[in-house]
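Q: Here you go, one structure.
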Amino acid sequence: MVCPGTAGNLARYIIRACFSQERMVYIPAKKSEDGVAKVIYTSKDKKTRKIFNALDWLARLLTHIPSRYEHTVRYYGFFSNKSRGMRKKADADDTIPTIIPNEMSSNEARQNWARLIQ
């Protein structure tokens, strides 16, 4: 069953959310001091807590949800989360990746490519 509109996008997205639901605490308006529903989100290292108005949290969440038939960008290799984290721990994240210039002519590159795909 396909749900129409934004509610459908939200329902599909919650299955593979980009945030941890275990680190999120919802406080209903009845239990809140100021009568406004809130969401408290604790960081992975448990050092930072952010308190959001429930509607603001929902608005921020909806901006991350791709529309139907759209894809989100996933990073692999050099730009993956794991690689960036390892470089950050080693204090080597300041290095800028470079592309090595090709010494072959375009004709030689075409012939080499043709040889590789046979």
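Q: Anything in region 33-76 that is of a type in the set (Ser, Thr, Tyr), at pLDDT below 85 and at negative phi? List them, or say none.
A: 43, 63, 67, 72, 75, 76 - these are the residues of region 33-76 that are of a type in the set (Ser, Thr, Tyr), at pLDDT below 85 and at negative phi.
Q: Out of all the residues in region 47-90, which are within 16 Å of the chain's Cα centre (by Cα) and either touching a residue at least 60 places away in the same chain (Cβ under 8 Å) or outside any helix (DSSP H, G or I) (or both)?
A: Matches in region 47-90: 64, 65, 66, 67, 70, 71, 72, 73, 74, 75, 76, 80.
Q: Which one is farthest from the chain's Cα centre (by Cα), of the residues in region 27-46 that are of a type in the set (A, V, I, L, M, F, W, C) and part of a strand (DSSP E or B)?
A: Here the residue is 27.
Q: In region 79-96, what residues are at pLDDT below 75 and either under 19 Å from residue 20 (Cβ atoms) or of a type in the set (A, V, I, L, M, F, W, C) (or both)?
A: 92, 96
Q: Within region 26-53, count every residue that is surrounded by 13 or more Cβ atoms within 10 Å (Cβ to Cβ) and under 30 Å from residue 85 (Cβ atoms).
A: Matching residues across region 26-53 total 5.
The values are calculated or read from the model by the stated rules, or taken from the named source; none is laboratory data. Note that the structure is predicted; figures quoted are calculated from it, not measured. Note: ideal-geometry Cβ built from the backbone for every residue, glycine included; neighbour counts use all protein chains shown.
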